[in-house]
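**Q** Have a look at this one.
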Amino acid sequence: MDVDFECTMCGKCCHDLRLPLTVTEALAWLERGNDVQILCDASPWPEEPPQQNLHAAHRRRRSFAAVSGSLSARVVVILAGAYQGACPNLLPDMRCGIYERRPLVCRIYPAEVSPFIELTPGQKACPPDAWRSGLSPLLRSGKLVDSDITRMVQLLRDVDASDISIKQRVCRFLGVDSAAVWNEGFVVYSPNRVDLVTALHRAINEPMMPGVQPWHFISDRQMTVEALLSVGASSTLVTADKNAGFEYLGF
């Protein structure tokens, strides 16, 4: 597949997002006075899959080992800059106010981070004019053309993996211990900004505490909860209980 692309500066990709951030980017985002949420999903992991299972290897690389009840699992944690309406860094003329310091995910857009997600123009926020034939080449035969974007995609994948232990400690420090089932949704925590900054700095500077933090599966599907309980996991059906300390974002 060949794709041409040029940004039209419409600003659509800078509105109403949960923007994935690295640990370093999350700290900068918070220190600018903006909010960061913690999104969690988890996969049952009773045994290691075959090495040739590339999807499982990719997920393993960006997750940490956990236990839910008596079931082994792996948890993915995403730090996300959250905002409704315009990005807090978007200027009135649709330019980025932190362009030279913008997050990696913004730098690679509209490229995909996951090697298993195909870039599909129709699923992007950009208008049709951004994808007209004859613009700057983005993909040729399905491969990224720009070496800088290719390098940043790989960098983001590497940082995503290297940040895992810090995210694990942050969850431990903040009492984040519930996750949606992978491919069903996310459990979303919205910690106090100061508390999250403190937890991030502490997680960067302190070693992992001994012991295993138990995790809990949340689902909005009764069949999923019953299946997890049947194999020894800790799991409950999502409710509207505001005392839960999180929200459930279902797919």
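The values are calculated or read from the model by the stated rules, or taken from the named source; none is laboratory data. Nothing here was measured: the structure is a model prediction, and the numbers come from that model. Note that each Cβ is placed from the backbone with ideal geometry, even for glycine, and that neighbours are counted across all protein chains shown.
**Q** In the range 1-42, what residues are surrounded by fewer than 19 Cβ atoms within 10 Å (Cβ to Cβ) and among the small types (Gly, Ala, Ser)?
**A** Answer for the range 1-42, where residues must be surrounded by fewer than 19 Cβ atoms within 10 Å (Cβ to Cβ) and among the small types (Gly, Ala, Ser): Gly11, Ala28, Gly33.
**Q** Please tell me if Cys171 is within 29 Å of Asn205 (Cβ to Cβ) and hydrophobic (A, V, I, L, M, F, W, C).
**A** yes
**Q** Tally up the residues in the range 81-131 that are part of a helix (DSSP H, G or I) and in contact with a Ser or Thr (Cβ under 7 Å, 6 or more places away or on another chain), please.
**A** The qualifying residues number 3.
**Q** Among all residue pairs at least 6 apart or on different chains, which show Cβ distances below 6 Å where the first residue, located in the range 34-53, is under 19 Å from Leu21 (Cα atoms) and the second is of a type in the set (S, T, N, Q)?
**A** Listed by first residue and then by second, the contacts come to Gln37/Ser190.
**Q** Report yes if Ser63 is surrounded by fewer than 19 Cβ atoms within 10 Å (Cβ to Cβ), at pLDDT 95 or above and farther than 19 Å from Tyr248 by Cα, otherwise no.
**A** Considered against the rule, which asks whether it is surrounded by fewer than 19 Cβ atoms within 10 Å (Cβ to Cβ), at pLDDT 95 or above and farther than 19 Å from Tyr248 by Cα, Ser63 comes out as no.
**Q** Taking strands (runs of 3 or more DSSP E) that do not extend beyond the range 197-251, which have at least 2 residues that are surrounded by 12 or more Cβ atoms within 10 Å (Cβ to Cβ) and touching a residue at least 40 places away in the same chain (Cβ under 8 Å)?
**A** Counting at least 2 such residues, we get 216-219, 247-250.
**Q** Moving to a separate point now. Being exposed (fewer than 14 other Cβ atoms within 10 Å of the Cβ) and assigned to a helix (DSSP H, G or I) is the filter here, so list the residues in the range 141-156 that pass it.
**A** If the condition is that a residue be exposed (fewer than 14 other Cβ atoms within 10 Å of the Cβ) and assigned to a helix (DSSP H, G or I), then Ser147, Asp148, Arg151, Gln154 are the ones that fit.
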